[in-house]
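What follows is a single structure, written as structure tokens, with notes after it.
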Amino acid sequence: MRALSLSLFFLFFSLDALAISETKKVAVLNIENIIPPEKISSSHVGLYNVDSKYDYMEQALTDMLISDLFRTEGIELLERSKLDKLLDEIGLSKTGIIDEKALKQSGKVIPADYLLYGYLEKEKDDFAIRLKVFNILSNEITELKKGIAGENNLFGLSRELLKAFADHSGIKVTIKADKVGISQNSTLAILPFCNNSRTDKFDYLQAGLAELISADLSNCNFFRIIERQRIEVILDEMELSLRGFVDEATSVAIGRLLGADYILLGSFFQVGEQIRIDARIVEVETSETVLASSVEGAAKELFQLQEGLIEKITARMGQLKTDGKKLFCRTFH
């Protein structure tokens with residue numbers, strides 16, 4: 001009887017340990033554009049060529065996939081800065097076609113369960129993404145079912161890819177419900193948003209969205225918001241601009257120079273009459289993303305979408321406004 005009790009104890013203990021380990025750690029590389037140009041000059045025949053007019057989609061699709069993965073219960077993302085450092089150490093490229101033989105030989109050092117990477121292709125008038133999954137434990141690479149969509153339906157592609165990965169790894173796609181443990185009076189630097197759209201005519205939104213979000217978050221008595229002028233000084237010193245893409249490692253370095261506890265990073269992607277805005281809050285000390293939200297809808301309703309994004313962020317923090325009162329948030333000098 002005692003032996004049976006001990007057996008049951010160890011069985012339940014094992015099941016409990018298994019339940020605890022259900023969270024999968026996932027690393028994500030950029031989705032790469034491999035669409036060939038319609039015409040190739042004689043001097044470039046036989047070389048690896050891509051149509052650069054689709055390069056804008058690489059960062060846009062990657063940002064959307066990362067945002068959707070982060071908000072999914074059972075998935076923990078490996079910080080991109082740590083992944084980049086590891087890839088440098090083992091001699092694997094962070095961009096371009098992945099050397100899968102080298103990945104299998106050296107990829108076990110990546111502290112994650114899965115590494116995701118993919119390629120953007122064209123199928124007639126539609127776009128297709130071949131998402132690949134490197135199972136680090138089993139050292140196997142699996143190509144998932146292609147995600148296919150027209151240019152006006154690209155927002156749904158990241159959700160399609162998320163579902164394909166979830167089905168492959170046995171994860172149920174549910175939104176994380178836990179609140180974020182950010183301490184009140186933490187300092188927050190809101191950096192310019194990245195324009196992932198095809199044209200630069202929306203560049204005004206890079207600083208514009210950051211200013212709108214800063215103004216809205218200043219209406220809650222939670223963060224100490226770092227002034228935009230201080231951010232501009234640091235960007236100038238680092239020879240960066242309020243316009244253009246700044247990678248996560250550089251953004252964290254900016255946060256450290258500003259003495260910020262957290263940084264808010266964001267991007268937007270406009271296709272036709274639709275726009276999607278993604279934002280995430282990163283802890284400077286650990287480079288860990290602690291919160292991510294996104295909204296999408298008609299571009300003409302930009303202000304309502306931006307307000308909806310703020311509502312999502314504050315709801316996750318458990319800091320919803322009450323009685324319609326605007327609370328003053330001190331500006332940190």
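Of the numbered criteria (1) in contact (Cβ under 8 Å) with a residue 24 or more places away in the chain; (2) surrounded by fewer than 12 Cβ atoms within 10 Å (Cβ to Cβ), the one LEU131 fails is (2). Criterion applied to ILE148, ILE129 was being modelled with pLDDT of 90 or more, in the same structural domain as ILE31 (by TED's automatic domain parsing), touching an Asp or Glu at 6+ places or on another chain (Cβ under 7 Å) and farther than 30 Å from PHE222 by Cα, and the one residue passing it is ILE148. What do you reckon, is ILE97 part of a loop (DSSP other than H, G, I, E, B), over 21 Å from ILE75 (Cα atoms) and in the same structural domain as TYR56 (by TED's automatic domain parsing)? Considered against the rule, which asks whether it is part of a loop (DSSP other than H, G, I, E, B), over 21 Å from ILE75 (Cα atoms) and in the same structural domain as TYR56 (by TED's automatic domain parsing), ILE97 comes out as yes.
Strands (runs of 3 or more DSSP E) fully within the stretch 198-301 that include at least 2 residues being among the charged types (D, E, K, R) and at pLDDT 90 or above: 274-283.
The single residue among LEU188, LEU162 that is in a helix (DSSP H, G or I), in contact (Cβ under 8 Å) with a residue 24 or more places away in the chain, surrounded by 17 or more Cβ atoms within 10 Å (Cβ to Cβ) and aliphatic (A, V, I, L, M) turns out to be LEU162.
The values are calculated or read from the model by the stated rules, or taken from the named source; none is laboratory data. Because the structure is predicted, anything quoted here is derived from the model rather than measured. For neighbour counting, all protein chains shown are included, and Cβ atoms are generated from backbone atoms with ideal geometry for every residue, glycine included.
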